[in-house]
Amino acid sequence: MSDAGPVLRTEGLRKSFGGFVAVDGVDFELAPGELRGLIGPNGAGKTTFFNMLSGMLDPSQGTIWFKGEDITDMPPHRITRQGMSLAFQITSVFPDMTVMENVLGALNGQKAALNPLGSYAGDVEGKRRAMEILTRVGLEDNADATVENLSHGDQKVLEIALALAGDPDLLLLDEPTAGLSASETRQVTGLLEELHGEITIMLIEHDMDVVMRLADTLTVLHNGQVIAEGTPDEIRENEQVKEVYFGRGH
Ligand SMILES: Nc1ncnc2c1ncn2[C@@H]1O[C@H](COP(=O)(O)OP(=O)(O)OP(=O)(O)O)[C@@H](O)[C@H]1O
Ligand SMILES: [Mg+2]
């Protein structure tokens, strides 16, 4: 694609639950190849925003374009097929199966979505593709390991691998380092650094060190509204952001 417009764009995106407005008129744009951090205090509306993008939640108002196409009313499986992948939600990990079986399962799901008669089960091409994905994320030596025996870091990396099975253009990650140790966090952020540039990524992340290091640009949500957008340095110095994070006496 030359002359590529934004991968993702929203206009006036809003979600209310009863009388409570969780996402309040968000105008947003994401350029191809970008790694964007989405930050904001607990309850800011970050996950709700992701859930609308991926089709899990219907917006109350506003429009979402993905690769130029209006996807506002599309169901999740069609949005996935268009090339958007929300990790940790689209596919589930089966802990008592092997790493390879899980990736084959995700590839199968993808292929079945494209062609209900297609299946990769037991097929050489499927195994080759699965191995390619495992190599991309650095899990190739664990292909035959049972998932429940993997470290937390490897399990998280596997979940990202499953999200990559459909060869998405946009990967959405909601707190990929939550609950991980420092070294496991380094493993996951190392993978995201490698994926950066190959694929457009949007990352919700509470660990400021992690998100400031990884992201090209940060978007800050507060009470459902974008209060700031800029480079990590700009966001660090932004008075309104400081106020939201540090100025409320908690
Ligand atoms: N299904 C729902 N019904 C009612 N209120 C909801 C629902 N989902 C989210 N909310 C509310 O919307 C607000 C935003 O929630 P959301 O989960 O999007 O925040 P978040 O920024 O992801 O927070 P966190 O950092 O804690 O994950 C919160 O006040 C939450 O309680
Ligand atoms: Mg959340």
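The values are calculated or read from the model by the stated rules, or taken from the named source; none is laboratory data. Being a predicted model, the structure only gives us computed values, none of them experimental. Neighbour counts run over all protein chains shown; Cβ positions are idealised from the backbone, glycine included.
Just a few scattered comments:
- Top-ranked residue in the range 157-179 [being within 16 Å of ligand 1 (Cβ to nearest atom) and free of Cβ contacts under 8 Å to residues at least 60 places away in the same chain; ranked as surrounded by the most Cβ atoms within 10 Å (Cβ to Cβ)]: Thr177
- Evaluated against (1) within 12 Å of ligand 1 (Cβ to nearest atom); (2) at pLDDT 95 or above, Glu29 falls short on exactly one condition, (1).
- Just one of (1) part of a strand (DSSP E or B); (2) within 16 Å of ligand 1 (Cβ to nearest atom) fails for Tyr245. It is (1).
- Single match in Gly55, Gly37 (criterion: in contact with a Pro (Cβ under 9 Å, 6 or more places away or on another chain), assigned to a strand (DSSP E or B) and buried (at least 16 other Cβ atoms within 10 Å of the Cβ)): Gly37
- Considering the range 151-216, the qualifying helices (runs of 4 or more DSSP H), each wholly inside and each with 3 or more residues that are charged (D, E, K, R), run over 152-164, 182-195.
- Test: residue in the range 202-224 that is outside the structural domain of Thr98 (by TED's automatic domain parsing), surrounded by fewer than 23 Cβ atoms within 10 Å (Cβ to Cβ), acidic (Asp, Glu) and away from ligand 1 (no atom under 16 Å from the Cβ): yes
- Residues that are at pLDDT 75 or above and not basic (Lys, Arg) within the range 110-136 comprise Asp123, Val124, Glu125, Gly126, Ala130, Met131, Glu132, Ile133, Leu134, Thr135, listed in sequence order.
- Among all positions in the range 9-16, there is no residue which is buried (at least 18 other Cβ atoms within 10 Å of the Cβ), among the polar types (S, T, N, Q), within 14 Å of ligand 2 (Cβ to nearest atom) and not assigned by TED's automatic domain parsing to the domain that holds His152.
- Positions within the range 88-108 being surrounded by fewer than 22 Cβ atoms within 10 Å (Cβ to Cβ) and either outside any helix (DSSP H, G or I) or aromatic (Phe, Trp, Tyr) (or both), in sequence order: Phe88, Gln89, Ser92, Val93, Phe94, Pro95, Asp96, Met97, Thr98
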